[in-house]
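Down below is the structure, laid out as structure tokens.
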Amino acid sequence: MNAYRMILMVIVLPLLPALLHAGQSDLDIKDAWIQEGPPNARVLAGFMQITNNGDKTVSITSADSSLFKSIEFHRTIHADGMARMEKQQQLTIQPGATLKLEHGSYHLMLIQPHQPLKRGDSVDLNLRLSSDIILPVKLPVRQPGREQHQHHHHH
Ligand SMILES: [Cu+2]
């Protein structure tokens, strides 16, 4: 064994467990969906439940999809009988906690679809985590439920 191979063994072998772990995240995504909008909608809202099964806090720092110009994280705040949306720099999920993206709370704001989207379509998007892991998520486009008819977006 030459010196070069010896160095490889010494350096690379201890790293293997870490390398094998790369690409896996502690986040579990459930019930991901996008609400169907009116034809030519400029923005759509996306929802999901994100559970952190790990023992460290995880942040989602950005999201993107080839079907949208951009994706933001929003939170709807109710004050003085009005609902308004605040842009969030990131979504943070504590260990063991579940963050619900739902009507009247946190949601994905999907901005300027490149093509019309209707129920039955599905959207692939990538969530980038603070650990630099990219988490792909598929969201079907669905009709809003009855209980959600009072929800409005103001931009
Ligand atoms: Cu919004």
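Within region 37-75, the residues that satisfy the criterion of being touching a residue at least 60 places away in the same chain (Cβ under 8 Å) and of a type outside the set (A, V, I, L, M) are Gly37, Pro39, Asn40, Arg42, Gly46, Phe47, Ser59, Thr61, Ser62, Asp64, Ser65. Out of all the residues in region 64-86, is one or more touching a Ser or Thr at 6+ places or on another chain (Cβ under 8 Å) and away from the ligand (no atom under 13 Å from the Cβ)? Looking through region 64-86, at least one residue is touching a Ser or Thr at 6+ places or on another chain (Cβ under 8 Å) and away from the ligand (no atom under 13 Å from the Cβ).
Checking the structure you have, find out if any residue of region 58-67 is over 21 Å from Thr92 (Cβ atoms), buried (at least 16 other Cβ atoms within 10 Å of the Cβ) and at pLDDT 95 or above. There is at least one residue in region 58-67 that is over 21 Å from Thr92 (Cβ atoms), buried (at least 16 other Cβ atoms within 10 Å of the Cβ) and at pLDDT 95 or above. Residues that are of a type in the set (Asp, Glu) and away from the ligand (no atom under 16 Å from the Cβ) were ranked within region 25-57; the one that is surrounded by the most Cβ atoms within 10 Å (Cβ to Cβ) is Asp26. When region 95-116 is filtered for residues that are outside any strand (DSSP E or B) and within 18 Å of Gly145 (Cβ to Cβ), the ones remaining, listed by number, are Glu102, His103, Gly104, Ser105.
The rows are residues; the columns are (1) β-branched (Val, Ile, Thr); (2) closer than 18 Å to Thr51 by Cβ.
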| residue | (1), (2) |
| --- | --- |
| Asp64 | no, no |
| Ile71 | yes, no |
| His74 | no, no |
| Ala79 | no, no |
| Gln90 | no, yes |
| Pro95 | no, yes |
| Gly104 | no, no |
| Ile133 | yes, yes |
| Pro136 | no, yes |
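Among the residues of region 118-131, are any closer than 25 Å to Thr57 by Cα, within 12 Å of the ligand (Cβ to nearest atom) and not in a strand (DSSP E or B)? No: region 118-131 contains no residue that is closer than 25 Å to Thr57 by Cα, within 12 Å of the ligand (Cβ to nearest atom) and not in a strand (DSSP E or B).
Residues are listed down the side, and each one gets a yes or a no for (1) surrounded by fewer than 18 Cβ atoms within 10 Å (Cβ to Cβ); (2) within 16 Å of the ligand (Cβ to nearest atom); (3) modelled with pLDDT under 95:
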residue	(1), (2), (3)
Gln89	yes, yes, no
Thr92	yes, no, no
Pro116	yes, no, yes
Val141	no, no, no
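Residues in region 94-114 that are touching an Asp or Glu at 6+ places or on another chain (Cβ under 6 Å) and surrounded by 15 or more Cβ atoms within 10 Å (Cβ to Cβ): Met109 alone.
Taken as a whole, the condition of being modelled with pLDDT of 95 or more, surrounded by fewer than 15 Cβ atoms within 10 Å (Cβ to Cβ), away from the ligand (no atom under 16 Å from the Cβ) and of a type in the set (A, V, I, L, M) does not apply to Ala22.
The values are calculated or read from the model by the stated rules, or taken from the named source; none is laboratory data. Only a predicted model underlies this, so the values are computations on that prediction, with no experimental measurement involved. Quick reminder, even Gly has a Cβ in these numbers, built from the backbone with ideal geometry, and neighbours come from all protein chains shown.
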